[in-house]
Amino acid sequence: MDEQRSSTVTIPVGDAQLPADLMLPAQPGGVVLFAHGSGSSRHSPRNVAVARTLNGRGLGTVLVDLLTPIEDEVDARTAELRFDIGLLASRLAGIVDWLAVERPAGDVPIGLFGASTGAAAALVAAASRADRVGAVVSRGGRPDLAGDALAQVRTPTLLLVGGLDEEVITLNKRALAELGEVGELRVVPGATHLFEEPGTLEQVADEAGTWFTTHLS
């Protein structure tokens with residue numbers, strides 16, 4: 001495998017300074033920005049595991065905290081910011097712009113991987129940055145929370161949902177109808193919302209890796 005470079009950087013977005021962990025193969029074929037879900041952080045073990053699989057496929061990854069430490073403290077008490085899709089999406093779009101301008105991974109295509117509410121933010125950001133985002137993957141996501149932006153998404157989008165996560169399957173099917181031909185829904189058999197069952201997260205990572213390498217090439 002190519003030698004990997006890991007670094008922690010601070011990404012300026014508006015008046016916020018957001019810490020991020022970058023993992024870059026020597027010659028990445030693309031870079032995937034992760035949008036974590038409700039109450040999570042860039043240290044989410046599930047996202048870290050998926051990121052490692054993508055690194056093994058020759059893709060760079062960016063795991064970032066979308067809230068500042070102060071905002072995180074507020075959210076821990078009130079849970080209000082984790083559902084502020086507009087705020088999260090604007091932060092993601094700002095990071096996409098930073099990746100495109102600063103090019104820490106080089107001049108490579110950008111993908112978005114969103115989990116839970118982060119998936120909605122990823123889709124809103126993809127709609128607003130269609131020229132810069134080449135692929136989106138949602139894991140156990142709430143794409144329905146993207147609202148009117150769903151119909152504006154022009155980016156190939158893979159929706160991955162656990163087979164036992166019935167309510168979220170229903171919400172994803174509705175979102176798929178809005179996404180139209182750019183969307184695809186795949187159900188992972190035997191998986192609940194967090195994909196904690198043996199082998200299910202590995203399947204998510206494998207599906208995501210194939211989607212990104214196909215659409216970011």
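The values are calculated or read from the model by the stated rules, or taken from the named source; none is laboratory data. In this text the structure is predicted, and so the values were computed from the model without any measurement. Here the Cβ positions follow ideal geometry from the backbone for every residue, glycine too, while neighbour counts run over all protein chains shown. With ligands, DNA and RNA removed, areas are computed over all heavy atoms of the protein, side chains included. Shrake-Rupley method; radii C 1.70, N 1.55, O 1.52, S 1.80 Å.
Can you find, within segment 141-159, the residue that is most open to solvent (accessible area, probe 1.4 Å) among those that are out of contact with any Gly (no Cβ under 6 Å at 6 or more places or on another chain), assigned to a loop (DSSP other than H, G, I, E, B) and of a type outside the set (A, V, I, L, M, F, W, C)?
R154
Which one is surrounded by the fewest Cβ atoms within 10 Å (Cβ to Cβ) among residues in segment 70-93 that are outside any helix (DSSP H, G or I) and acidic (D, E)?
Among them, the one singled out is E80.
Here is a check on your reading of the model: is D107 acidic (D, E), at pLDDT 90 or above and either more than 25 Å from D206 (Cβ to Cβ) or open to solvent by less than 20 Å² (accessible area, probe 1.4 Å) (or both)?
Judged against the criteria, D107 is a match.
So, V124, is that one within 14 Å of the chain's Cα centre (by Cα) and outside any helix (DSSP H, G or I) or not? Let's see the steps before the verdict.
Details: within 14 Å of the chain's Cα centre (by Cα): yes; outside any helix (DSSP H, G or I): no.
Answer is no for this residue.
Checking A105 against (1) without any contact (Cβ under 8 Å) to a residue 24 or more places away in the chain; (2) hydrophobic (A, V, I, L, M, F, W, C); (3) assigned to a loop (DSSP other than H, G, I, E, B), only one condition comes out false. Which one?
All conditions are met except number (1).
Residues being open to solvent by 20 Å² or more (accessible area, probe 1.4 Å) and of a type outside the set (A, V, I, L, M): count how many of those fall in segment 29-69.
18
Kindly check whether there is at least one residue in segment 85-100 that is without any contact (Cβ under 8 Å) to a residue 24 or more places away in the chain and more than 16 Å from F212 (Cα to Cα).
Yes, some residue in segment 85-100 is without any contact (Cβ under 8 Å) to a residue 24 or more places away in the chain and more than 16 Å from F212 (Cα to Cα).
From the list G14, G58, exactly one residue is within 19 Å of V136 (Cα to Cα) and in contact with a helix residue (DSSP H, G or I) (Cβ under 8 Å, 6 or more places away or on another chain). Which is it?
After applying the criteria, what remains is G58.
If you check R154, R129, which single one turns out to be in contact with a strand residue (DSSP E or B) (Cβ under 9 Å, 6 or more places away or on another chain) and of a type in the set (K, R)?
Selected residue: R129, the only one of R154, R129 that is in contact with a strand residue (DSSP E or B) (Cβ under 9 Å, 6 or more places away or on another chain) and of a type in the set (K, R).
Give just the number: which of (1) open to solvent by 10 Å² or more (accessible area, probe 1.4 Å); (2) closer than 16 Å to A89 by Cβ does A122 not satisfy?
Condition not satisfied by A122: (1).
If a residue must be out of contact with any Asp or Glu (no Cβ under 9 Å at 6 or more places or on another chain) and open to solvent by 60 Å² or more (accessible area, probe 1.4 Å), how many such residues does segment 129-140 contain?
Residues meeting the conditions: 1.
On the basis of being touching a helix residue (DSSP H, G or I) at 6+ places or on another chain (Cβ under 8 Å), at pLDDT 95 or above and surrounded by fewer than 16 Cβ atoms within 10 Å (Cβ to Cβ), does G190 make the cut?
yes
Take the residues of segment 1-19 that are under 14 Å from G60 (Cβ atoms) and part of a loop (DSSP other than H, G, I, E, B): which is modelled with the lowest pLDDT?
The extreme case among them is M1.
For a quick check of your reading of the model, give me the residue pairs whose first member lies in segment 165-192 and is within 20 Å of R154 (Cβ to Cβ) and touching a residue at least 12 places away in the same chain (Cβ under 8 Å), whose second is surrounded by 13 or more Cβ atoms within 10 Å (Cβ to Cβ) and among the basic types (K, R), with beta-carbon atoms closer than 9 Å and at least 6 apart or on different chains.
Filtered contacts from segment 165-192: N172/R142; A175/R142; V182/R154; L185/K173.
Which residues, taken from segment 72-93, are at pLDDT below 90 and among the acidic types (D, E)? So that I can check it myself, show each step before the final result.
Of segment 72-93, the ones at pLDDT below 90 are 72-83.
Result: D72, E73, D75, E80.
Considering only residues that are touching a Pro at 6+ places or on another chain (Cβ under 8 Å) and in a loop (DSSP other than H, G, I, E, B), which ones fall in segment 112-121?
The initial filter retains those residues of segment 112-121 that are touching a Pro at 6+ places or on another chain (Cβ under 8 Å), namely 119-120.
None; the set is empty.
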